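*Asks:* Please read through the structure below; I'll follow up with questions.
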Amino acid sequence: MRDSASAVSRSKGTAGDQPNQTMPGSKPAAGLYLVATPIGNLDDITLRALKVLKGADLIACEDTRVTGKLLSLLGIGGTSLAPYHEHNAERARPALLARLRAGAVVALVSDAGTPLVSDPGYRLVRACLEEGLLVTSLPGPSAALTALQLSGLPCDRFLFAGFLPVKAGARRQSLAELAAVPASLLFYESPRRLADSLAAMEAVLGPRDAAVARELTKLYEEVRRGSLAELAAHYAAAGPPKGEVVVVIGPPAEAPAAGEAELDAALTRALAASSLRDAAAAVATATGLPKRQVYARAVVLQAKDGT
Ligand code: SAM
């Protein structure tokens, strides 16, 4: 393995074969370090993260108070912090790039977990790559992947969808776009909107297995598993949960093996003539198949059709 920054391809647009810039005993080379930090449990900080955070000339972070507190808990003092978040990213980027061009070691962290997942970090990465500046990643905690692991749902194929829109119409539209995706779906969600979102997920995606993962890696870590309908009913009755949550939803049901083509043909005809709900009800009556199963298949067909 090469171990000097000069060995890194710095030509414009070249990803390069980047060396490990944090070998034991070596000072980090100049460049941008994407550093994952704990999502609750301080012990999840990695040895590489500690080394780079200690050795960085500058730490770019979403909220200087949050990262300042983390650094103090980790016993790291004296490193400068610079805010870099969705509201100031355009203004703050040129100064960060200037520091990087001048040979600084810049660490990029988010409030918690893996930076770039639901924050503007990727634009900084793109800008660095365009200039041939070193970019490397220190992997670590991720709320999305931790929730997926604990969900008990298929992990071989998944789609991370971030936060859903807040307004009900836009949220339904986003969910409809995902209805036919043959993979588990992952969402970040605010506890206040959780019950409404689960109900919308059930209405648009149809009956599916799901899990709500809360306070991951923390003292009160909890994963509640059930159908979307059961989870929606639970949180509607119990009220918003405390802490942070990730929602994981299993993939759509396979179409029934027997009569699959006939069901699809009947639904396609009915969808051309009526609303999703009416089409599903009519076909369920005509075929004698369970309403929920026909509705779930209708959602998939409609989404595939782009209607
Ligand atoms: N960068 C982070 C990561 O790697 O997962 C995620 C940041 S995202 C802006 C914040 C969202 O992640 C929260 O709203 C919540 O949905 C989820 N999250 C973060 N920490 C969590 C935890 N300990 N337990 C459950 N969800 C968490």
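*Asks:* Run the paramagnetic zone check for His234: 7 angstrom along Cα to Cβ, then residues of segment 162-188 with backbone nitrogen under 19 Å.
*Replies:* Counting only backbone N, you get 185-188.
*Asks:* For every helix of n ≥ 4 consecutive DSSP H residues, a contribution of -39,500 (n - 2.57) applies; sum these over the chain, divide by its total residues, and give [θ] at 222 nm rounded to the nearest 500 deg cm²/dmol. Intermediate values should be presented prior to the final figure.
*Replies:* Numbers: 11 runs with 126 residues, N = 307.
After summing the helix terms and dividing by residue count, I get -12500 deg cm²/dmol.
*Asks:* Within a 10 angstrom radius of the beta carbon, how do Ile39, Ile76 rank from fewest other beta carbons to most? The partial results should precede the final answer.
*Replies:* Numbers: Ile39 24, Ile76 17.
Ascending Cβ contact count within 10 Å gives the list Ile76, Ile39.
*Asks:* Follow-up. If I take R0 = 30 Å and measure r between the Cβ atoms of Ser118 and Asp57 in this structure, what FRET efficiency does the formula 1/(1 + (r/R0)^6) give, to the nearest 0.05?
*Replies:* Working: r = 26 Å, r/R0 = 0.88.
That gives a FRET efficiency of 0.70.
*Asks:* From the phi angles alone, apply the Karplus equation (6.51, -1.76, 1.60; θ = phi - 60°) to segment 134-142 and give each ³J(HN,Hα) in whole Hz, x where the residue is Gly or Pro.
*Replies:* Listing the rounded values in order: 5, 10, 9, 10, 10, x, x, x, 8 Hz.
*Asks:* Testing the spin-label approximation: label points 7 Å from Cα along Cα→Cβ at Asn88 and Thr285. State their distance in nm.
*Replies:* 6.2
*Asks:* When only C-alpha pairs under 8 Å and at least 6 residues apart count, what is the relative contact order of the chain, in percent?
*Replies:* Working: 558 pairs, mean separation 49.9, N = 307.
Relative contact order here is 16 percent.
*Asks:* Another question, then. What nm value, rounded to one decimal, do you get for the distance between Glu254 and Lys69 when each label is placed 7 Å out toward the C-beta?
*Replies:* For Glu254 paired with Lys69, the spin-label model returns 4.8 nm.
*Asks:* Full extension from Arg224 to Glu177: what is 0.36 nm times the residue separation minus their Cα-Cα distance, to one decimal in nm?
*Replies:* Taking Arg224 through Glu177 to full extension adds about 14.4 nm, to one decimal.
A short reminder: the numbers here are calculations on the coordinates, not readings from a lab. Every value quoted in this text rests on a predicted model; they were computed, and no experiment measured them. With ideal geometry, Cβ positions are generated from the backbone for all residues, glycine too; neighbour counts draw on all protein chains shown.
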